[in-house]
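The values are calculated or read from the model by the stated rules, or taken from the named source; none is laboratory data. Since we're looking at a predicted model, the values are computed, not measured. Virtual Cβ from ideal backbone geometry, glycine too; neighbours counted across all protein chains shown. Protein only, heavy atoms only, side chains kept; ligands, DNA and RNA dropped before computing areas. Shrake-Rupley method; radii C 1.70, N 1.55, O 1.52, S 1.80 Å.
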Amino acid sequence: MNPPQRHLLLDVAAAQQAGDTRAATDMLTEALRRDPHDLMAATRLAELEIERWDHASAMPRLQAVLRQEPNFAPALAALAHALWLAGRPQEGLEHARRAVAIQPPNPHFRLTLAQLCAWLGHDAEARAAVAAVLDSPALDGPLHARALSLLAEAHVARGDFAAANEPFRASLALAPDSAATHTAYAMNLLRLGEFDAAWPEYAWHGQVAFFRRGDTRPMPQQLTGRAWNGEALHGRTVLLRDDQGFGDAIQFFRYLRSIRDAGAARIILCTFAPLASLFQRSAPFVEVVTERPVLRPSDFHGGTSDLPAVFRTRLETIPATVPYLTAPPLPRRLRLPRGGAPRVGLVWSGDPRHMRDHHRSIPADMFLDIADVPGLSFYSLQRDVRPADALALATHPAVPRIGETLRDFAETAAVVARLDLVVTVDSAVAHLAGALGRPVWLLLPMVADWRWLTEREDSSWYPTVRLFRAGGEGWAPVVRRVADKLRAFVL
C-alpha cells in the first residue's frame, strides 16, 4: 500500500469513527475519480454501502474490483457480506473462504468467515476461525472483543443461549462502546426472558445499521423536543417514528394506547406508507403521517422500538390485549367465499433483506405440502413470490394468490380478519394476524427471534399465536407436524 493510499484510508477510518460517513464516502469517491483503478478505495466504498444496506450498489463495485484482480482478498471478504445481505449466504460463504485462503493471517477475514459459518450451521468451522484469531499473538483489544462476540454468536446459532452470555460480557468488557455487541447481548437476554437486564443493553440498537430501517435522519430539537424516557405526559405532544421493520411497527403499536392513557394530549406517529391507513383506522386518537413531520412541533420524541424499555416491560406486564388493530371492510375487488371449508392463509417467506432470512423462510416446495391437507381452503398471502418458489406455487392452482393483489396492510388485514387460521413463518403477516386476534400457527427456526423466547409454544405478545419450533433436523419435521395438526383442525 503506497503512502497516499495509507493516508486516505486513515482519514476515512477517522471520519467513520467520528460518525461522518458522508465525509468518508466523499473522500473515497474523490480518490476513485482520480484513479478509477484504486482497488482498495473501491472496496472501502463498497463496505460503506454495505453498512447502509445498499448491497445493490456494493456488489457490482466489488465484482468490478475482482475482474481486475480475482484474488483481491478484501473485495472477496466484502462481497461475502454483500451476498449475505442479498439473500445468497451460501455464495457469500465461498467468497469468505477464498479470502481466508488467500490471506490466512488476516483476522478480519477469519471473523467474517466465522460469522457466516455460525449462521449457516458450520459450527466447527466457525469455532476454528474464532480460535485462530483468539490464539493470534498479534491480537489487539478490538479484535479480541469482536472474536469473543462472534464466539457468543456461535453459541446462539446452535441454540446454547445461556452459554452465550459470558463471552458477550467479556467482549463488552474489552469494547464497552460496541453497539452491535450490546444489541446482540440484549436480544439474547430477551430471548431468555430476562427483560430487566436486557432493556438497558437494547437501548444501543439504534446505533446499529441493521436496525435503522425507518427514517432516522436527525430532526431539529426545537421541533421534536427531548427523547422520551418515561416523563409525565399530561398535556404534552409526543412524536414517535417506526424505526425498524413492518413486523416491529405492528408489534410496538400496542404501546400507543399506553401513551394515551399516560395523559399525552397529542400523539404523532411517523410510519411506513403501507401501514398508515390501518394504523389510523385502529387508533383515531393518533395523528398518523408517512413523511417527516417538520411542521408538527412536539415536547418529546422517540422510536416505537424504544417503548417496551420506556415502559419497563416484563413478560407479565406486556400489553397483550387483542385485537388492537381494526380491519377495514373487504374491498369489493377481493372475494372470499361464504361458508364452506375453513379458510387458511399461508405465508412461507419474509423480507429477503433480513440478515437471517435463510433461517426463518421455508422453500415453497416444502412448505406447500401443507396445502395438500384435504377439507380446507388455502389462500396464499405471500406478497412477493420469489423466483425459486414460483414453480412450487404453480403446482398448487387451487391456492389463490391473493397476497400478490393486496395494496397495503389494511387490505391484508381485511383478508386476514375473514380467515379461520393463518399458518406462517416469522413475518409481518404473523404480527398482523396476532394483532388482529386471529388464530396463528407460527413456524419458527431452532434459533428464533427474541420475541418468541426459546421453548414456549405460546406467545406473551399475541395470545392467539401457537408456536411450532424446528429442531436441529431442519424444517421437514415441523412442516409435517403442522400438516398433521391441520388434519385434526378440519375435524
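Candidates are the residues of the range 313-348 that are closer than 17 Å to residue 424 by Cβ and outside any loop (DSSP other than H, G, I, E, B); the one that is nearest to the chain's Cα centre (by Cα) is 347.
Here is a yes/no grid of residues against (1) modelled with pLDDT of 95 or more; (2) open to solvent by less than 60 Å² (accessible area, probe 1.4 Å); (3) out of contact with any Pro (no Cβ under 9 Å at 6 or more places or on another chain):
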position: 210; (1), (2), (3): no, yes, yes
position: 230; (1), (2), (3): no, yes, yes
position: 284; (1), (2), (3): yes, no, yes
position: 300; (1), (2), (3): no, yes, yes
position: 304; (1), (2), (3): yes, yes, yes
position: 307; (1), (2), (3): yes, yes, yes
position: 312; (1), (2), (3): yes, no, yes
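Can you confirm whether residue 385 is at pLDDT 95 or above and open to solvent by less than 50 Å² (accessible area, probe 1.4 Å)? Here the answer is no, as residue 385 does not meet what is asked. Contact annotation: residue pairs with Cβ atoms under 8 Å, 6 or more positions apart or on different chains, pairing a residue in the range 444-469 that is within 20 Å of residue 483 (Cα to Cα) and in contact (Cβ under 8 Å) with a residue 40 or more places away in the chain with a partner that is aliphatic (A, V, I, L, M) and open to solvent by less than 20 Å² (accessible area, probe 1.4 Å), are 444/425; 444/467; 444/470; 445/470; 446/470; 464/433; 464/440. The residues in the range 356-376 that are open to solvent by 40 Å² or more (accessible area, probe 1.4 Å) and either of a type in the set (Gly, Ala, Ser) or in a loop (DSSP other than H, G, I, E, B) (or both) can be counted, and the count is 4. Look at the range 376-387: where a residue is under 8 Å from residue 349 (Cβ atoms) and a partner is aromatic (Phe, Trp, Tyr) and buried (at least 22 other Cβ atoms within 10 Å of the Cβ), sitting 6+ places away or on another chain with Cβ atoms under 8 Å, you get 382/348.
Mind telling me which of the residues 61, 97, 44 ends up being assigned to a helix (DSSP H, G or I), touching a residue at least 24 places away in the same chain (Cβ under 8 Å) and within 29 Å of the chain's Cα centre (by Cα)?
Numbers: 61 fails: touching a residue at least 24 places away in the same chain (Cβ under 8 Å); 97 fails: touching a residue at least 24 places away in the same chain (Cβ under 8 Å).
After applying the criteria, what remains is 44.
Only one residue in 69, 47 is among the acidic types (Asp, Glu), modelled with pLDDT under 95, open to solvent by 40 Å² or more (accessible area, probe 1.4 Å) and over 15 Å from residue 91 (Cβ atoms), so which one is that? Answer to the selection: 47.
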